[in-house]
Amino acid sequence: MVRCDACPVLCRIRPGRSGACSRYANDNGLLIRTDPVVLLAEAVELGGPVVPFAENAEDWDGKILPANRTFVTGIGSGTTYPDYKPAPFIVSSQHEGVDTVTVVTEGIFSYCGVKVKIDTDRHLGPETAAVRANGEQVGHVTTAEYGSQMLSLGGVRHLTGGSKKEGNATCEAMLKLSNGEAVELTIDGGHGVIVQAGHAPIVDGKPETRMRVGCGSATIGIFAKQWQGHVDEVIVVDDHITGVLTEHQAGRVLDMKPAGIRVRGRKSTPGRYFQVAQPGLGWGGTDITEPLSIIQKIDAALAWPGMRLLMTSTTGEDSLYCVLDENLLPVEAEMPAAVRQVVERIGENCEPSLCTVTFMAGAGGSLRAGVTENPVLLTRSVQSGTTRVTMGGAPVYVWPGGGITVMVDVLRMPKNAFGYVPTPAIVAPIEFTLPRELYLASGGHADEIVPMEEILRAHGGQARIESAVAENPWPLRRDAG
């Protein structure tokens, strides 16, 4: 029986068995990490320097993993919770002539969450509404951004502040999303959505395809000139800003004749209307399926029989072409080819609808003690940009302000980079890279620094070797950001 001290659960593990998180096991009385450490290899396709096999190959020592093109990630490295001891790997290497140190560990994050960006024109649910997985609240709807609905999931309140079931459901949802798996979510007062990083959202069982080209006003601005001469009025239906061409500045610049069609809602500025309908899954993220219902009145002093009216959504998926009859009532007609072409161009200009998952965490508390004896110096070094932070070798965005709060796109990380502990909390890789001189000056654990060559000799045979993600800068590069 061994006691695992990798997290606060402190499992007692029998020989041949693993702990509650399956990350650590008892191997003949020795506590071992069950997953191999992940090494990134800089590949030819990344544009890195290559070594010829025949002539001029003096600097190649014959090893598959050259030390100067290998990066040790935190994935599978283990942790040193509560970090009364140095990080599992403190690796020295030479890069661009600089003695460099990378401190590698797996952080246990209770203060963490995922931000989900869902590219969709549909209304998924009201702002601040609860988002649930398996019936438990795991987050909430936050602001709608351009073409997208944002969800904020996880966070310490859901992980630790509610019931045990809520904490476990939150941890499970975050872990799956961070590892690129699909998760089914429901929104109170809204709809169900299946989210998976890099895939289109599925709203109430229907896969979304297009991210809107812009709001109704923006759509008017983009395509006004292309409509001129082919239609007399265009109304672009949108949940946020519905555009009316002849009232809009774009129509005025084109010297278009006022058409006298007044739409419902609150007029903001000429040709821009708010709240023309309730939000929903209909046209332009509204609840309407009959677009003519948003027309409040047609001014007989301005409109005329035979007037050509186009109504379209901001994705071009829904459209209606009408001609006003003798009573000035819109009558559906066959859409002329020139008008159809512009509607199709709206769709052509829409980005594919995708889900984006970013993991956000604060590297505070004892984690920093595993890096240096004076943790505040690490914080200041990260904030100043002297120390580069990566997660699984992927670049992160460091938030301004206090502490070390970072965000990372999970798709830029190696597969299955995340784990969990049943406290519950998420386990995520994190690496800190800085010049050796500065590391020592900040109180780094000098006696624990191990050359990369030694790491490869000891662990290279068992390691999982991944090619660095092509879109990522090589994590040791000084201009990697």
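Placing dummy labels 7 Å off each Cα toward the beta-carbon, the span from Thr143 to Asp99 is 4.7 nm. For the pair the stretch 5-42 and the stretch 82-131, the centres of their Cα atoms are 21 angstrom apart.
With Rh defined as the Kirkwood radius, the inverse of the mean 1/r over Cα pairs, the Rg/Rh of the stretch 181-268 is 1.15.
Judged by the mean number of other Cβ atoms found within 10 Å, the most tightly packed of the peptides 227-233, 396-402 leads the ranking 227-233, 396-402.
Here the peptides 354-362, 459-467 are ranked by packing, the mean other Cβ count within 10 Å, and the order with the highest first is 354-362, 459-467. May I ask you to derive the FRET efficiency for Ser366 and Arg464 from their Cβ-Cβ distance with R0 = 25 Å, giving the value to the nearest 0.05? Calculated transfer efficiency: 0.40.
Could you list the GluC sites (Glu not before Pro) in the stretch 281-369 that lie in coil according to DSSP, counting only those with at most 15 other Cβ atoms within 10 Å of their Cβ? Those satisfying the criteria are Glu326, Glu334. For the stretch 153-196, the share of alpha carbon pairs falling in successive 5 Å distance bins from zero is 5, 23, 25, 25, 19, 3 percent. Once the 1.4 Å probe is applied to the protein heavy atoms, the chain comes out at 45 Å² accessible per residue.
Contour minus end-to-end for Arg264 and Val376, with contour as 0.36 nm per residue of separation and end-to-end as the Cα-Cα distance? Walk me through the intermediate numbers first.
Numbers: separation 112, 0.36 × 112 = 40.32 nm, distance 5.71 nm.
Computed gain between Arg264 and Val376 is 34.6 nm.
One quarter of the convex hull surface built on the alpha carbon atoms of the stretch 329-411 amounts to 10.6 nm², the projected area averaged over directions. The Cα trace of the stretch 247-363 gives Rg and Dmax of 17.5, 70 Å, the first to one decimal, the second as a whole number. If the segment from Ala338 to Ala441 were pulled out straight at 0.36 nm per residue, it would be longer than the present Cα-Cα gap by 30.2 nm. The alpha carbons of the stretch 263-332 give a radius of gyration and a Dmax of 12.7, 35 Å, in that order.
Normalise the Debye intensity by I(0) for the stretch 230-302, one equal point scatterer per Cα, no solvent, then take log10 at q = 0.24, 0.27, 0.28 Å⁻¹ and round to two decimals. Those come out to -1.08, -1.26, -1.31, one per q.
Can you count the Lys pairs in the chain with C-alpha separation below 22 Å, eight or more apart or on different chains? Taking the chain as the scope, the lysine pair count is 14.
With all protein chains in place and a 1.4 Å probe, the accessible surface of the chain carries 50 percent carbon and sulfur.
Report, in debye and to the nearest 20, how large the dipole of the chain comes out about its Cα centre when Lys and Arg carry +1 and Asp and Glu carry -1 on their Cβ.
Working: 42 positive and 54 negative charges, 244 e Å.
Value, rounded to 20: 1180 debye.
Over the stretch 377-429, the hull volume per residue, using the convex hull of the C-alpha atoms, is 90 Å³. Rg and Dmax of the stretch 135-235, based on Cα coordinates, read 18.8, 64 Å.
How big is the convex hull of the Cα atoms of the stretch 134-175, per residue, in Å³? Walk me through the intermediate numbers first.
Numbers: hull volume 3.0 nm³, N = 42.
Enclosed volume per residue, from the Cα hull, is 73 Å³.
Taking every Cα-Cα distance in the stretch 333-481 and sorting them into 5 Å bins from zero, the calculated P(r) comes out as 2, 7, 14, 16, 17, 15, 8, 4, 3, 4, 3, 3, 2, 1, 1, 0, 0 percent. If you average 1/r over all unlike Cα pairs in the chain and invert the result, what Kirkwood radius do you get in angstrom? With all distinct Cα pairs of the chain included, I get 25.6 Å. Take the convex hull of the alpha carbons in the stretch 65-218; its mean projected area over all directions comes to 13.5 nm².
The values are calculated or read from the model by the stated rules, or taken from the named source; none is laboratory data. These numbers come from a predicted model, not from an experiment. Virtual Cβ from ideal backbone geometry, glycine too; neighbours counted across all protein chains shown. When the accessible area is computed, the model is the full protein with side chains, heavy atoms only, and any ligands, DNA or RNA have been set aside. Shrake-Rupley method; radii C 1.70, N 1.55, O 1.52, S 1.80 Å.
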